[in-house]
Amino acid sequence: MGKLLVLAVVGLVGALIGERLIRFRHRMNASRELKPKRLPNCHLIKGIETGSEDIDILPNGLAFISSGLKYPGVQSFAPDKRGEILLIDLNDQNPRPVELRISRGFDLASFNPHGISTYIGDDDSVYLFVVNHPQYKSTVELFKYMEDDNSLVHLKTIKHELLASVNDIVALSPDSFYATNDHYFTELPLMLLEMFLGLSWTNVIYYSPKEVKEVASGFYSANGINISPDGQYIYVADLTDHNIHVLEKHANFSLTPLKVLQLDTLIDNISVDPYTGDIWIGCHINGFKLFFYDLENLPGSEVLRIQDILSEKPKVSQVYVDDGSVIQGSSVATVYGKKLLIGTVFHRALSCEL
């Protein structure tokens with residue numbers, strides 16, 4: 001009986017692992033392949049070689065770009081180089097990125113920028129919120145952009161126990177924001193186990209100097225976050241559940257689930273056209289190729305546009321697809337006029353004419 005019991009337990013454990021492996025492969029879209037679908041007028045942006053993970057564009061055409069992200073389990077082409085914030089003026093005929101100088105006193109050596117968000121104050125001051133991972137921890141850095149000398153003045157570092165594994169951020173005022181936590185655990189082995197088991201323990205946090213609270217939960221991997229042009233709705237991407245959650249924002253900054261738009265791709269950052277309300281998303285075709293980097297099997301890129309997301313039948317358009325031969329691991333897509341910028345976790349950045 002003892003041997004039979006051991007065999008039964010081993011069989012059950014094996015079956016559980018097998019079932020979880022199948023589910024994990026499904027969440028990673030491990031078998032998904034797409035044919036390239038490129039736009040006719042695209043070029044790689046010179047000066048961006050080691051990532052353009054998130055991009056936020058001001059109404060005047062200045063685009064802020066976070067570059068040089070080092071993230072557990074993800075490829076880096078410059079592991080010893082610190083991260084940086086780049087700026088491109090999209091009104092220039094041939095825009096070139098410049099690194100923004102950061103004021104003294106800020107720890108540049110450990111700068112590891114991830115998601116970013118801008119906010120324009122009542123006096124037209126521009127504030128830049130940056131998710132930072134010094135020593136692979138999570139902080140939010142608040143800067144003020146100084147246009148006269150293309151620099152960033154560091155205002156403060158924000159830390160909180162609820163901001164444990166921050167991925168992306170959307171600014172609400174000069175000192176408040178929503179942020180996503182993409183993992184419950186913060187140590188790499190436990191993060192991987194969390195993903196393998198398919199635990200839906202990630203969330204959205206509201207932060208202000210007076211209050212910090214969880215406002216949404218139950219995501220497998222809460223990733224990109226953004227706000228509708230009228231400020232009434234918050235959009236949250238669940239990377240490994242392949243969907244976008246639409247949540248209604250209330251006066252006390254709590255969020256109520258409204259709808260979920262299911263897709264078939266791994267959704268990273270979310271950008272919102274301030275004039276049309278259209279949503280643009282950078283997506284990962286195949287998560288296995290992203291997390292298990294292989295020069296012989298490169299991670300591709302996909303860009304989707306979503307129109308009328310609040311309607312009963314939103315229109316989802318596939319705008320761009322690449323097999324990795326041009327651009328690898330797209331994490332963000334955003335528009336300015338007829339220009340489309342596509343950024344990546346660790347690779348280059350692409351500019352296209354729509």
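Structure data summary
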read-out: Residue in segment 256-271 that is nearest to L310 (Cα to Cα), counting only those that are buried (at least 22 other Cβ atoms within 10 Å of the Cβ) and not polar (S, T, N, Q); value: I270
read-out: Residue within segment 207-226 that is over 19 Å from V131 (Cβ atoms), out of contact with any strand residue (DSSP E or B) (no Cβ under 6 Å at 6 or more places or on another chain), touching a residue at least 40 places away in the same chain (Cβ under 8 Å) and of a type in the set (G, A, S) present; value: no
read-out: Subset of segment 58-67 (residues that are surrounded by fewer than 22 Cβ atoms within 10 Å (Cβ to Cβ) and either in contact with a Lys or Arg (Cβ under 7 Å, 6 or more places away or on another chain) or part of a strand (DSSP E or B) (or both)); value: L62
read-out: Condition check for F253: hydrophobic (A, V, I, L, M, F, W, C), touching a residue at least 40 places away in the same chain (Cβ under 8 Å) and within 15 Å of V74 (Cα to Cα); value: no
read-out: Segment 148-182: number of residues that are more than 14 Å from S208 (Cβ to Cβ) and in contact (Cβ under 8 Å) with a residue 40 or more places away in the chain; value: 12
read-out: Elements of type strands (runs of 3 or more DSSP E) contained in segment 246-349, each with 3 or more residues being of a type outside the set (F, W, Y), in contact with a strand residue (DSSP E or B) (Cβ under 7 Å, 6 or more places away or on another chain) and under 30 Å from K70 (Cβ atoms); value: 266-272, 279-284, 301-307, 315-322, 330-336, 339-344
read-out: Subset of segment 83-118 (residues that are at pLDDT 95 or above, basic (K, R) and under 18 Å from E49 (Cβ atoms)); value: none
read-out: Residues of segment 187-227 that turn out to be in a loop (DSSP other than H, G, I, E, B) and within 17 Å of the chain's Cα centre (by Cα), as a count; value: 2
read-out: Which numbered condition A63 fails, given (1) touching a helix residue (DSSP H, G or I) at 6+ places or on another chain (Cβ under 9 Å); (2) among the small types (G, A, S); (3) modelled with pLDDT of 95 or more; value: (1)
read-out: Residue ID - surrounded by the most Cβ atoms within 10 Å (Cβ to Cβ), chosen from residues in segment 277-316 that are without any contact (Cβ under 8 Å) to a residue 40 or more places away in the chain, over 18 Å from R32 (Cβ atoms) and not charged (D, E, K, R); value: Q307
read-out: Leading residue by the ranking (farthest from N150 (Cα to Cα)) among those in segment 91-105 that are surrounded by fewer than 17 Cβ atoms within 10 Å (Cβ to Cβ) and in contact (Cβ under 8 Å) with a residue 12 or more places away in the chain; value: G105
read-out: Any hit, segment 229-241, residues being farther than 28 Å from V212 by Cβ and not in a helix (DSSP H, G or I); value: no
read-out: Among (1) in contact (Cβ under 8 Å) with a residue 12 or more places away in the chain; (2) small (G, A, S); (3) over 24 Å from L62 (Cα atoms); (4) surrounded by fewer than 22 Cβ atoms within 10 Å (Cβ to Cβ), the one test that S351 misses; value: (3)
read-out: Residue count, segment 113-133 (criterion: surrounded by 14 or more Cβ atoms within 10 Å (Cβ to Cβ) and more than 20 Å from T344 (Cα to Cα)); value: 4
read-out: Any chance N269 is over 26 Å from E353 (Cβ atoms), among the polar types (S, T, N, Q) and in contact (Cβ under 8 Å) with a residue 40 or more places away in the chain; value: no
read-out: Out of K70, K37, sole residue that is in contact with a strand residue (DSSP E or B) (Cβ under 7 Å, 6 or more places away or on another chain) and over 23 Å from E147 (Cβ atoms); value: K37
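The values are calculated or read from the model by the stated rules, or taken from the named source; none is laboratory data. The model shown is predicted, which means the values in this text are computed figures rather than measured ones. Methodologically, a virtual Cβ is constructed for each residue, glycine included, from the backbone with ideal geometry; neighbour enumeration extends over all protein chains shown.
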